[in-house]
Amino acid sequence: MGTQERLDPQAGVGTRVREPWVTVVWNDPVNLMSYVTRVFQEYFGLARHEAEARMREVHEKGRSVLSSGSREQMEIHVQAMHGYGLWATLERSDG
């Protein structure tokens, strides 16, 4: 995950903080599982077995987190998924 420097006003020193943003791809009734797998391989550079595992997670659990990092990076990934016709959102991560 990315980090950024932030001033802690109480301590008066810069601290490194995780940027807790993720790209979530959601299940939809339109796209074929083989297409979703191919998108994950092409866009995120996942190996076939990993792309298939993420696709199954989307299909069976309704969603899968595909990437994490800065808000700006995740916005780019979400827009890319929309370009492929997939339903994706940006969320803050819990961890």
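Read the figures in this text as sums done on the coordinates, not as results from a lab. Values in this document were obtained by computation on a predicted structure and should not be read as measured data. Cβ coordinates were reconstructed from backbone atoms using ideal geometry, including for glycine residues, and neighbour counts include every protein chain displayed.
Just a few scattered comments:
- Extending 7 Å from Cα along the Cβ direction at residue 63 and again at residue 31 yields two label points whose distance is 1.6 nm.
- The Cα atoms of region 19-92 define a convex hull whose projected area, averaged across directions, is 4.3 nm².
- Highest-first arrangement of 24-31, 72-79, where packing means the average Cβ count within 10 Å: 72-79, 24-31
- Charge dipole (region 19-92, unit charges on Cβ, about Cα centre) - positive-most of 21, 49, 82: 49
- Residues whose amide H falls under 5 Å from that of residue 21, counting only those 5 or more places apart or on a different chain, are 69, 93, with hydrogens built in the peptide plane.
- Neighbour counting of Cβ atoms within 10 Å sorts the residues 21, 87, fewest neighbours leading, into 87, 21.
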